[in-house]
Every structure is written in structure tokens, then in C-alpha cells.
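Presented below is the structure to which this report refers.
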Amino acid sequence: MAKKRKAQDNSHEARPEPATPATRESWLRAKGPALRFVLISAGFMLFFYGVFYTSPEDSPRIDALVRAYLNTYAVAARAVLHVLGFDASVLGSTILVDKRGVDVVRGCDAMEPIALYVAAVIAIQVPWRAKLAGLVIGVPVLVLVNLVRIVALTIVSVKFHEQFDTAHLTVGQTLYVVCTLALWFAWVAWATRERRRKVGVAAG
């Protein structure tokens, strides 16, 4: 009986201690930045999807702004194509070259990756001056990269029409996502350089 009681006592001692307020507080302190990042990013993207993907009937003003934005891409691409020696024209948001048309539609405008970049920049816990720099520099860079992508796809449509779908759906989109991630990681490294330096000094 003594042995049995001892085994029961040991099993009782092995039970995990219930979480205390201090334990929960330390867990929140450790996980807080990650939770904050996820919640702010998710909230921003929900707002973006709710506004950007409303139907034209529900929000004609937003639809007009989106169409103007797409037309701006098409006009800018036409200017670049003229410089490259192509006889290009624009009809709405469609780029016409040698009787072939490339439509700049939602999904080709890079708004979703740019919105993700903006959300990720805002959600990181760094000074607002660093966030502003990330937005002021990063967003125009991503717009410019997307313009290069549209121009390249238009040339592929004219010169290598059979490869257009591969260039558009596989190569172009993948490279753009990689560029977006690379730009964000580069900005994070720059924005947190001072914090990492202080941590290194403290550890040394």
C-alpha cells in the first residue's frame, strides 16, 4: 500500500501547474508583436478587399477610380513601348500593338501585392518615420516594377504569343511576388538596424 500511495503522490507531482496571470502576461508579452502583426495585417487586408472588390453597381465612384488607375498603367506602358520602337495605342485600359491587345484588368494592377506590402509595413513595430519611408519609397517601386511587367507581357504577346499565358500566369506573377517580398525584407532589415545593433551591443 505504501508503494501504491507513493506512485500516486508522484503522479500528482507530475501534473502541470495551472496557468497564472503572470504566466499569461509573460506569454502575451513574448507573442504580442507577432499577434499584433497578424491582426493589423489581416484587418487592413479585410478593409482593402471590402473596398477594392466592391461591384461597380454598389460603388460606381470606386469603380471609376479603379478604371482610371488601370488606364494610367496602359498609357504609361504605351509611352514605354513607343520608346522601345513599338507602334502602340490605348483603348480604355487595353494596350494595342500590331492588332494584338493586352488588357490591364484587376489582378494585373498589382493592387493586392501592394496592399499586402503596405499592411506588412504598417503592422511592424518600428518608428513611424521608418514606416513612412517604407511606404513612400516602396509603393512607387512596386508600381514601377508592375509597369515593367505589363510592358514585358505586351512584348511577349506580340513577339511570342504562344508563350503569353506562361509568361503572364507563371513567370510574371511569381517574379512580382518575389520582388515584393524581397523589397519588404530589405525594408525590415533597414528599419530594424538600430534595434538589432543595440541587441548586439547588449549581448556583447
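Values as computed for the structure displayed
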| item | result |
| --- | --- |
| Candidates Thr180, Thr154 - the one that is in a helix (DSSP H, G or I), touching a strand residue (DSSP E or B) at 6+ places or on another chain (Cβ under 9 Å) and within 26 Å of Arg67 (Cβ to Cβ) | Thr154 |
| Tabulated pairs, the range 173-189, first in contact (Cβ under 8 Å) with a residue 24 or more places away in the chain, second β-branched (Val, Ile, Thr) and buried (at least 16 other Cβ atoms within 10 Å of the Cβ), C-beta under 6 angstrom, 6+ apart or interchain | Cys179/Val145 |
| Residue that is nearest to Val104 (Cα to Cα) [pool: residues in the range 43-54 that are among the aliphatic types (A, V, I, L, M) and free of Cβ contacts under 8 Å to residues at least 40 places away in the same chain] | Val51 |
| Residue, surrounded by the fewest Cβ atoms within 10 Å (Cβ to Cβ), within the range 129-156, restricted to residues that are under 30 Å from Thr94 (Cα atoms) and small (Gly, Ala, Ser) | Ala152 |
| In the range 55-105, the residues that are free of Cβ contacts under 8 Å to residues at least 12 places away in the same chain and touching a Phe, Trp or Tyr at 6+ places or on another chain (Cβ under 9 Å) | Ile62 |
| Candidate set: the range 171-184, residues that are farther than 16 Å from Val139 by Cβ and of a type outside the set (A, V, I, L, M); chosen: the one surrounded by the fewest Cβ atoms within 10 Å (Cβ to Cβ) | Thr174 |
| Residue ID - nearest to Leu169 (Cα to Cα), chosen from residues in the range 89-128 that are surrounded by 20 or more Cβ atoms within 10 Å (Cβ to Cβ), in contact with a Leu (Cβ under 7 Å, 6 or more places away or on another chain) and small (Gly, Ala, Ser) | Ala110 |
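Conditions (1) of a type outside the set (A, V, I, L, M); (2) under 13 Å from the mean Cα position of the chain (by Cα), marked per residue:
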site: Leu96; (1), (2): no, no
site: Asp103; (1), (2): yes, no
site: Val143; (1), (2): no, yes
site: Leu153; (1), (2): no, no
site: Trp190; (1), (2): yes, no
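Since every read-out is calculated from the coordinates, none of them should be taken as a lab result. All figures in this text were calculated on a predicted structure; none of them were measured in a lab. Please note: Cβ atoms are built from the backbone with ideal geometry, for glycine as well, and neighbour counts cover all protein chains shown.
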